[in-house]
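S.K.: Below you will find the structure I want to go over with you.
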Amino acid sequence: MEIVHYPVLHKEVLEYLDLSSQSAPVLIDATTGEGGHSALFLEKYPSLTVYGLDRDSEIQKKAIKRFECYGNRFRPINTWFDEFLRNAESSFADAILFDLGISMFHYVESQRGFSFSRDEKLDMRLDLNQKLSAYDIVNYYSEEDLADVIYRYGEERYSRRISSAICLERKRGKIESCAELASLIARSVPKEYRYGKINPATRTFQALRIETNKELDRISPSLEEGIRVLKSGGRIAVITFHSLEDRIVKWFFKNREKEVGDIRILTKKPVVPTKEEDDENAASRSSKLRVIEKC
């Protein structure tokens, strides 16, 4: 079994979520993926139980196979993390980890159109049972709604030009593949932007993925419930990969500490990867880690 995801900021996560004082600690890995972070914790703490959450049943199969040797110490649950935390009992966990980035599995192996560099069908669903997909957004959202999604979740300055080009194209026929969409986006933006530092489709693809899976809508409710689920002295660590996620986490923690006072922020500034990690794993470069402790 090939593991393609590198656990970002793994040394820092282990340091902040130190469970050595607990006799039988419980960790909720809210975004388990292939299990990169969970593997480190299970190896380090012989009495640890990990609740491994993931909405994507396909990637979860890899984690289940990977952790067969740990028996009941790894407990996989196929669910969205906000749903699990909403229904979990209070003061249940010693630590909760959110790694909000999309796993490399989705770009490399899933064949669901997460990458603009692959000729795959537009999909981008983490939950294959849900109806809404990126295909539906691209082909059926109104021009105004599509532009708003691209601007709001991709922070794309050419959102209206891109949306207009998509709506013109889909009059000729449905836009089926991510390669087709990426090419269309490239043709719709100015030449200097087309050949800039990042692929011109990057921000639009991010926006479509976020809208498809309602990613940002899940963050604040999950942090709210996560604090309830934590034991006193327990910690929540959140890894984000773009400014939209990080802004939500930052201000949720700041407001909670100031207005409710039941948490203490341990990372006054977000922890970022070292140069060594940047060199080893380019995907980690935009990551930020924020950690709180329940009072």
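The values are calculated or read from the model by the stated rules, or taken from the named source; none is laboratory data. Only a predicted model underlies this, so the values are computations on that prediction, with no experimental measurement involved. Please note: Cβ atoms are built from the backbone with ideal geometry, for glycine as well, and neighbour counts cover all protein chains shown. Calculation scope for accessible area: heavy atoms of the full protein, side chains included, ligands and nucleic acids excluded. Shrake-Rupley method; radii C 1.70, N 1.55, O 1.52, S 1.80 Å.
S.K.: Do we have any residue at all in the range 16-30 that's open to solvent by 40 Å² or more (accessible area, probe 1.4 Å), in a helix (DSSP H, G or I) and aromatic (Phe, Trp, Tyr)?
M.R.: Yes, some residue in the range 16-30 is open to solvent by 40 Å² or more (accessible area, probe 1.4 Å), in a helix (DSSP H, G or I) and aromatic (Phe, Trp, Tyr).
S.K.: Still on this structure, I have one more. Can you pull out every residue in the range 238-265 that is surrounded by 15 or more Cβ atoms within 10 Å (Cβ to Cβ), of a type outside the set (A, V, I, L, M, F, W, C) and in contact (Cβ under 8 Å) with a residue 40 or more places away in the chain?
M.R.: Within the range 238-265, Thr240, His242, Glu245, Asp246, Lys250 meet the criteria.
S.K.: Does the range 35-49 contain at least one residue that is among the polar types (S, T, N, Q), modelled with pLDDT of 95 or more and closer than 20 Å to Glu89 by Cα?
M.R.: Checking the range 35-49: at least one residue is among the polar types (S, T, N, Q), modelled with pLDDT of 95 or more and closer than 20 Å to Glu89 by Cα.
S.K.: Return only the number of the condition from (1) outside any loop (DSSP other than H, G, I, E, B); (2) farther than 23 Å from Tyr153 by Cα; (3) open to solvent by 10 Å² or more (accessible area, probe 1.4 Å); (4) in contact with a helix residue (DSSP H, G or I) (Cβ under 8 Å, 6 or more places away or on another chain) that Glu276 does not satisfy.
M.R.: Condition not satisfied by Glu276: (4).
S.K.: Checking the condition at pLDDT 95 or above and either under 24 Å from Arg55 (Cβ atoms) or buried (at least 21 other Cβ atoms within 10 Å of the Cβ) (or both), which residue from Arg235, Arg187 passes?
M.R.: Values: Arg187 fails: either under 24 Å from Arg55 (Cβ atoms) or buried (at least 21 other Cβ atoms within 10 Å of the Cβ) (or both).
Unique residue meeting the criteria: Arg235.
S.K.: For the subset of the range 82-108 comprising residues that are in contact with a Ser or Thr (Cβ under 9 Å, 6 or more places away or on another chain), touching a residue at least 40 places away in the same chain (Cβ under 8 Å) and closer than 18 Å to Glu58 by Cβ, which member is surrounded by the fewest Cβ atoms within 10 Å (Cβ to Cβ)?
M.R.: The qualifying residue surrounded by the fewest Cβ atoms within 10 Å (Cβ to Cβ) is Val108.
S.K.: Could I ask something else about it? Of these, Arg118, Arg75, Arg112, Arg66, which one is under 25 Å from Ala282 (Cβ atoms), of a type in the set (Lys, Arg) and without any contact (Cβ under 8 Å) to a residue 40 or more places away in the chain?
M.R.: Criteria check complete, one pass: Arg112.
S.K.: Out of the range 235-250, which residues are among the aliphatic types (A, V, I, L, M) and out of contact with any strand residue (DSSP E or B) (no Cβ under 9 Å at 6 or more places or on another chain)?
M.R.: Within the range 235-250, just Leu244 meets the criteria.
S.K.: Next up: Could you check the range 21-35 and list, in sequence order, the residues that are over 17 Å from Asn72 (Cα atoms) and of a type in the set (D, E, K, R)? Walk me through how you get there before you give the answer.
M.R.: Let us first name the residues in the range 21-35 that are over 17 Å from Asn72 (Cα atoms), namely 21-22, 30-31, 33-34.
Of everything in the range 21-35, just one residue is over 17 Å from Asn72 (Cα atoms) and of a type in the set (D, E, K, R), namely Glu34.
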